[in-house]
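Below is one structure, written out as structure tokens, with a few remarks after it.
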Amino acid sequence: ASQDGVNQDLSETVPRLPGEMLITDKEVIYICPFNGPIKGRVYITNYRLYLRSLEMDSALILDVPLGVISRIEKMGGATSRGENSYGLDITCKDMRNLRFALKQEGHSRRDMFEILTRFAFPLAHSLPLFAFLNEEKFNVDGWTVYNPVEEYRRQGLPNHQWRITFINKCYELCDTYPALLVVPYHASDEDLRRVATFRSRNRIPVLSWIHPENKTVIVRCSQPLVGMSGKRNKDDEKYLNVIRETNRQISKLTIYDARPSVNAVANKATGGGYESDDAYHNIELSFLDIHNIHVMRESLKKVKDIVYPNVEESHWLSSLESTHWLEHIKLVLTGAIQVADKVSSGKSSVLVHCSDGWDRTAQLTSLAMLMLDSYYRSIEGFEILVQKEWISFGHKFASRIGHGDKNHADADRSPIFLQFIDCVWQMSKQFPTAFEFNEQFLITILDHLYSCRFGTFLFNCESARERQKVTERTVSLWSLINVNKEKFKNPFYTKEINRVLYPVASMRHLELWVNYYIRWNPRIKQQQPNPVEQRYMELLALRDDYIKRLEELQLANSAKLSDPPTSPSSPSQMMSHVQTHF
């Protein structure tokens, strides 16, 4: 292959997915923040930006899905004189930026700017997102992972107190809720319609999870439309009482309002508010002090400032503290622990809401369910949790991430789902044997949150996905993961049933997720693969080998005796006590 890459066979130069097309390639100088300027060739397809180094001593490759790009700016003008001062500055959504210097002559910058802008922001150019062009085939279908009826049946629903309703089958009751809802048996569909008028965006209280033994529940919704004048709604008050009464023995219903109380009060001015005890009897209301989407966005921006491109060495701890990111993680985890504890102790059922019930509410319900229900700690269980509490219940992924959208400063953007995954990672650090999946699984989910390669996180709600026929026209991220499960498994996983996990949410026990936030810095790269994991995998392989040899010996033996053995029927049953617990 020639030095400038021109006569190289493109198919071996750029990895391509089925449906991915090369649009252009250019010679550029990549201004690497770690190693200085590197001459390379950049290839742009309708899915990725791929850079191959043309320098002998540097094998650098960048492989960046265009979906992670949040903004493209031209740097330098016709009069720029400094070396490498003319080119493009690219800001990414995944904690890194890219800078390319180009030659001034021949419009090469203009071409690259236009092509990148077109394919990184397809929505602004009436082009489809890449997920609709992706022709990958997997031999498992990730879209079948979550079936709401099956998931509720796994929880033992419907039962005498809770029923499944199809009132939202055509998304007429609430256009941001799923088609299938679980509601109290003693509330009629007519009751639900009346309650909907008093809840923000018609997001009425519905069941997320029921405790298998004590039958207390986690219910989610949006804020009540109380307003400045303190409006009341008899149907809503009665409905919350019906929810409380699904547990005969319990005198109170606990409401966790995710917001700081100041914000909840301020929301009255825009027609919202909270449940006051003069209108709602038998409730206990607590505010969890979790800040809004704008605060979280600014906090993550500060994290990026201290980790990219250079890690703020001299005042690392005070810099980290000044971002408040771990403090927000702490508040979210603390709230979820409170929800889980109320339900697990059987003290009371819990209703969770924030303002609209699709950001902080999803964080709290899903984390509490992860603490309470070990099923969600398996790979497929976690996929179901995300599919249910986030995707089907209308977390606004399109608005929060801005898939294919060029308005990088849109006030609706916010890292709410990233924050949830960070909380999951914190839990997995504290309980290294409790989760079937590893860190790579979480990072892969976050990478494809932005990549637009799969349909999983596209659009804001289920009704929009159905209109766009997402399950027919795109591939699910879970297909990629479930076909490569081994790659995403935690070797230390020990399956446990009914163990509730309470992580410690104090600041001393939380840490910055370095392998995610600082992974682009080559100096931070930790030993891959992890030596402890490596050794453990070798021991497991050894164990499997011994079991196999034992089975062969037994087979040979029973063939000799030709009598049916009366001992334990299979070696694996004999071996079941050879569990390796560390």
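The values are calculated or read from the model by the stated rules, or taken from the named source; none is laboratory data. As the structure is a computational prediction, the values presented were derived from the model and not from experiment. No Cβ is skipped: glycine too gets one built from the backbone with ideal geometry, and neighbour counts run over all protein chains shown. Surface accessibility is based on the protein's heavy atoms, side chains included, excluding ligands, DNA and RNA. Shrake-Rupley method; radii C 1.70, N 1.55, O 1.52, S 1.80 Å.
Figure legend. Inter-residue proximity from region 535-557: first residues farther than 22 Å from PHE492 by Cβ, second residues open to solvent by less than 60 Å² (accessible area, probe 1.4 Å) and not hydrophobic (A, V, I, L, M, F, W, C), beta-carbon distance below 7 Å, spacing 6+ or different chains. Indicated pairs: LEU550/PRO571; GLU551/PRO571; GLN554/PRO571. Remark: VAL311 matches the filter, which requires a residue to be open to solvent by less than 60 Å² (accessible area, probe 1.4 Å), modelled with pLDDT under 95 and not acidic (Asp, Glu). Count of region 374-397 residues, restricted to those that are in contact with a His (Cβ under 9 Å, 6 or more places away or on another chain) and open to solvent by 10 Å² or more (accessible area, probe 1.4 Å), is 0. In this structure, does ASN267 turn out to be more than 26 Å from PHE459 (Cα to Cα) and not in a helix (DSSP H, G or I)? In short, no.
Just give me the residues in region 104-126 being in contact (Cβ under 8 Å) with a residue 24 or more places away in the chain, assigned to a loop (DSSP other than H, G, I, E, B) and surrounded by fewer than 19 Cβ atoms within 10 Å (Cβ to Cβ), in sequence order. GLN104 - this is the single residue of region 104-126 that is in contact (Cβ under 8 Å) with a residue 24 or more places away in the chain, assigned to a loop (DSSP other than H, G, I, E, B) and surrounded by fewer than 19 Cβ atoms within 10 Å (Cβ to Cβ). Evaluated against (1) surrounded by 17 or more Cβ atoms within 10 Å (Cβ to Cβ); (2) out of contact with any strand residue (DSSP E or B) (no Cβ under 6 Å at 6 or more places or on another chain); (3) over 30 Å from ASN521 (Cβ atoms); (4) free of Cβ contacts under 8 Å to residues at least 60 places away in the same chain, SER319 falls short on exactly one condition, (3). Look through GLU298, GLU275, GLU284 and report the one residue that is touching a strand residue (DSSP E or B) at 6+ places or on another chain (Cβ under 9 Å) and over 26 Å from PRO178 (Cα atoms). Result: GLU284 is the single residue among GLU298, GLU275, GLU284 that is touching a strand residue (DSSP E or B) at 6+ places or on another chain (Cβ under 9 Å) and over 26 Å from PRO178 (Cα atoms). Which residues, taken from region 280-294, are exposed (fewer than 15 other Cβ atoms within 10 Å of the Cβ) and assigned to a helix (DSSP H, G or I)? Within region 280-294, just HIS294 meets the criteria. Being open to solvent by 20 Å² or more (accessible area, probe 1.4 Å), in a strand (DSSP E or B) and within 24 Å of LEU129 (Cβ to Cβ) is a property that does not hold for ARG99. Within region 247-261, is there a residue that is over 30 Å from LEU512 (Cα atoms), open to solvent by 60 Å² or more (accessible area, probe 1.4 Å) and in a helix (DSSP H, G or I)? Scanning region 247-261, I find no residue that is over 30 Å from LEU512 (Cα atoms), open to solvent by 60 Å² or more (accessible area, probe 1.4 Å) and in a helix (DSSP H, G or I), so the answer is no.
Of everything in region 295-308 that is in contact (Cβ under 8 Å) with a residue 24 or more places away in the chain and among the hydrophobic types (A, V, I, L, M, F, W, C), the residue that is surrounded by the fewest Cβ atoms within 10 Å (Cβ to Cβ) is VAL295. Candidates in region 59-79 are the residues that are more than 16 Å from LEU446 (Cβ to Cβ) and not in a strand (DSSP E or B); of these, the one that is most open to solvent (accessible area, probe 1.4 Å) is THR79. Among residues that are modelled with pLDDT of 95 or more and either in contact with a Lys or Arg (Cβ under 8 Å, 6 or more places away or on another chain) or under 27 Å from ASP410 (Cα atoms) (or both), TYR86 is not included. Answer yes or no: is there a residue in region 350-364 that is assigned to a strand (DSSP E or B), buried (at least 24 other Cβ atoms within 10 Å of the Cβ), touching a residue at least 24 places away in the same chain (Cβ under 8 Å) and touching an Asp or Glu at 6+ places or on another chain (Cβ under 7 Å). The answer is yes, given that some residue of region 350-364 is assigned to a strand (DSSP E or B), buried (at least 24 other Cβ atoms within 10 Å of the Cβ), touching a residue at least 24 places away in the same chain (Cβ under 8 Å) and touching an Asp or Glu at 6+ places or on another chain (Cβ under 7 Å). Candidates are the residues of region 374-427 that are among the acidic types (Asp, Glu) and part of a helix (DSSP H, G or I); the one that is nearest to HIS324 (Cα to Cα) is ASP422.
Within region 324-346, if we keep just the residues that are open to solvent by less than 10 Å² (accessible area, probe 1.4 Å) and within 18 Å of the chain's Cα centre (by Cα), the residue that is farthest from ILE250 (Cα to Cα) turns out to be TRP325. The residues of region 27-72 that are within 23 Å of ARG453 (Cα to Cα) and hydroxyl-bearing (Ser, Thr, Tyr), listed by number, are TYR43, THR45, TYR47, TYR50, SER70. A count restricted to region 429-488 and to residues that are within 20 Å of TRP513 (Cβ to Cβ) and open to solvent by 20 Å² or more (accessible area, probe 1.4 Å) stands at 12. Kindly evaluate SER374 against the criterion of being within 21 Å of PRO148 (Cβ to Cβ) and of a type in the set (S, T, N, Q). Answer is yes for this residue. On inspection, ARG244 does not qualify as of a type in the set (Lys, Arg), in a loop (DSSP other than H, G, I, E, B), open to solvent by less than 70 Å² (accessible area, probe 1.4 Å) and out of contact with any helix residue (DSSP H, G or I) (no Cβ under 6 Å at 6 or more places or on another chain). Within the option set ARG549, ARG499, ARG508, ARG523, being of a type in the set (D, E, K, R) and touching a Ser or Thr at 6+ places or on another chain (Cβ under 7 Å) holds for one residue only, ARG499.
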